[in-house]
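These notes are about the structure you will find just below.
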Amino acid sequence: MSLLRYRPDFFDSLKEVKVPFEEGVLEDLHAGQLVSLTGSLYTGRDQTHRRLCELIESGRDLPVDFHDQLLYYVGPSPAKPGQVIGAAGPTTSYRMDAYTPQLLDLGLKATLGKGQRSEQVREAMLKAGAVYLASIGGAGALLSKCITQCDLVAFEDAGPEALFRLEVESFPAVVINDIHGRDYYQIVRDKRKSA
Amino acid sequence: MREIDAVNITTAVKKLAIEAATDLEPDILDALVAARDRETSELAKNILELLINNADIASREKIPVCQDTGVGVVFVDIGQEVHVTGNLYDAIQEGVRAGYQEGYLRKSVCDPLLRVNTATNTPAIIHFDIVSGDDIKISFLPKGCGSENMSKLTMLPPSAGTAGVIGFVADTVFAAGSNPCPPVIVGVGIGGTFEKAAFLAKRALLRPLGIASARDDVAELEKRLLSVINEKGQGVHGFGGNNTALAVHIETYPTHIASLPVAVNIQCHAHRHKESTL
């Protein structure tokens, strides 16, 4: 794992979590915890979400089953010959807020992006027993090293906004919203107020 | 009058676009290192270290620093003693198109209503200015929109004064929270008119980090704002600590006696910019 070359101490300290999540894992995640994700996940951003929700609203089948899955908000830059993927860091999550409750209703268990979620999404996550994670915004080159495979699944014409399936290895993230209703950004803000 | 062929403009813009995406300039790299060294939050310190590693990987392997390789914002300062043979506007757009294609950069420009991607990352946003001399200076700022979306403009009453300016700028940065990838660079335009203030805020981002305003009172205001933002802000990626912003750059312009326009243009830590003089 090439990233370990950079910060072995940091990456060793992360809790290793398999995705999709195994039974009971989400209960143990808490806001502010650092995790390292290994396994498979799906990607999507603005146009993917718009299209998925149009399919849901018209009662048609979705290109993937989101049950128990993790959805990563990313629009990667193109891979050069010989690369798995280009830069692939998280995009800002609030733009997906309008669509997220509908995907949680389908059994989606986690979303991964950056920045705070709306109150409506936080409530929907609590109801669905889902978590929200943030990765490192603006570290797209580094994070591309944690992606070992990238397959196009749907919406190819949307270019960088297509839906991909990624294989990830030791992909770093911070738990922002846990299934117990805690919000790490809020915890940080509250600490600052009381300091 | 000096002649410059438009083909040379295309070549220069293409090079700037490709290099800006992967190679951070020393000013931003130095600022990230300084932020890491003074950071008080352990998690934020780790993140800053990873951002420095990210810049290193990007530069060595020519992978974009961030997948959002932005909308191209091009500032062109044209010496009045220069004549361009060919179409200058088209030459710049062609440089952007070629740079994003050949550099494997993400094409993120789309129709605002239909949301259909133009698939070329054009048109770029071009700001022309006529200056003295016989050079053409081109500054390329690929602007990511995670931070651009957090920018704001207001038309304050003059009675709001400096306190009103400080309040608006700080509130804009606080409201943005972790969305724009802090530590951010805060470009502020004060004065002029509605569009002039916005332009000044963007142009302020081009000033190298570490250089204060040439006007003493404005430099003082920059320092004061930076300290307010870093005292109360959410810190690196919203994880606490004392580095919500790396710098506040303010540009001013005389305004109407009835007006006090203030624009805040937020830039992420992946502050990519490249300049070239022909």
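A short reminder: the numbers here are calculations on the coordinates, not readings from a lab. These figures come from a predicted structure and were not determined experimentally. When we count neighbours, we look across all protein chains shown, and the Cβ atoms used for this are built from the backbone with ideal geometry, even at glycine.
Numbers for the structure displayed
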item: B:Val84 long-range amide H proximity, modeled H, under 5 Å; result: B:Ile4
item: Förster radius 35 Å - calculated FRET efficiency between A:Glu119 and B:Glu195, Cβ distance, rounded to 0.05; result: 0.50
item: Rounded FRET efficiency, nearest 0.05, which uses the C-beta distance separating A:Arg165 from B:His83 and R0 of 41 Å; result: 0.15
item: Residues B:His256 and A:Asp105, FRET efficiency given R0 of 56 Å [Cβ-Cβ distance, rounded to 0.05]; result: 0.60
item: For the protein assembly as shown, calculated [θ]222 nm from helices alone, where every DSSP H run of n ≥ 4 adds -39500 (n - 2.57); result: -10500 deg cm²/dmol
item: Chain B: Lys pairs at Cα distance under 18 angstrom, eight or more positions apart or on different chains; result: 23
item: Chain B: C-alpha gyration tensor shape, a/c 1.5 cut-off, then a/b vs b/c; result: oblate
item: Chain A: Lys pairs at Cα distance under 22 angstrom, eight or more positions apart or on different chains; result: 11
item: Residue-wise HN-Hα coupling along segment A:99-108, computed from phi with Karplus coefficients 6.51, -1.76, 1.60 (Hz; x: Gly, Pro); result: 9, 4, x, 5, 6, 5, 4, 8, x, 4
item: For the protein assembly as shown, share of DSSP beta bridges that run antiparallel, in % to the nearest 5; result: 55
item: Stretchable slack from B:Thr40 to B:Ala219, in nm (0.36 nm times residue separation minus alpha-carbon distance); result: 61.9 nm
item: Cβ-isolated cysteines (cut-off 4.7 Å), chain B; result: B:Cys66, B:Cys110, B:Cys145
item: Shape of chain A, Cα gyration tensor, a/c cut at 1.5; result: oblate
item: Relative packing of peptides B:256-265, B:88-97, B:12-21 - highest average C-beta neighbours within 10 Å first; result: B:12-21, B:88-97, B:256-265
item: Extreme residue, positive dipole direction of segment B:67-151, given options B:Thr85, B:Asn149, B:Ile138 (C-beta unit charges); result: B:Asn149
item: 10 Å Cβ neighbours from other chains, averaged over peptide B:174-182; result: 5
